[in-house]
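Comments concern the structure below.
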Amino acid sequence: MEELLELTKDKTVIVVTHRLGVAKNVDKILVLEDGKLVETGTFEELQKMDGVFAKMWEE
């Protein structure tokens, strides 16, 4: 992951993943549920919301 972060420094990159650990390293997270955008924010913001992302993280 560190290599990817270094290669993409100062660039816009869209990462699609089911591995939530990757989300800790990004600037903004978009959470989709049933094809709809349901939450957006940083890792910390989404944890505080206690919504869809936080519940997935707890699992």
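The values are calculated or read from the model by the stated rules, or taken from the named source; none is laboratory data. Not measured: the values here are computed from a predicted model. Backbone-built Cβ (ideal geometry, glycine too); neighbour counts: all protein chains shown. Note: areas computed on protein heavy atoms with side chains; ligands, DNA, RNA excluded. Shrake-Rupley method; radii C 1.70, N 1.55, O 1.52, S 1.80 Å.
Summary value for the chain: 20 percent relative contact order, contacts being C-alpha pairs under 8 angstrom separated by 6+ residues.
Nonpolar atom fraction for the chain, defined as the carbon and sulfur part of the 1.4 Å probe accessible area, stands at 52 percent. Using the rule -39500 (n - 2.57) for each DSSP H run of four or more residues, divided by the residues of the chain, the 222 nm mean residue ellipticity is -8000 deg cm²/dmol. Ignoring lysines fewer than eight residues from K48 along the same chain, the ones with Cα atoms less than 24 angstrom from its Cα are K24, K28, K36.
Can you tell me the accessible area per residue over the stretch 1-45, all protein chains present, probe 1.4 angstrom, in square angstrom? Per-residue value: 90 Å².
Here the peptides 4-17, 24-37 are ranked by packing, the mean other Cβ count within 10 Å, and the order with the highest first is 24-37, 4-17.
Other residues whose C-beta falls under 14 angstrom from the C-beta of M1 contribute a net charge of 0, scoring Lys and Arg +1 and Asp and Glu -1. A cut-off under 12 angstrom between Cβ atoms defines the neighbours of K28, and their net charge, with Lys, Arg +1 and Asp, Glu -1, is -4.
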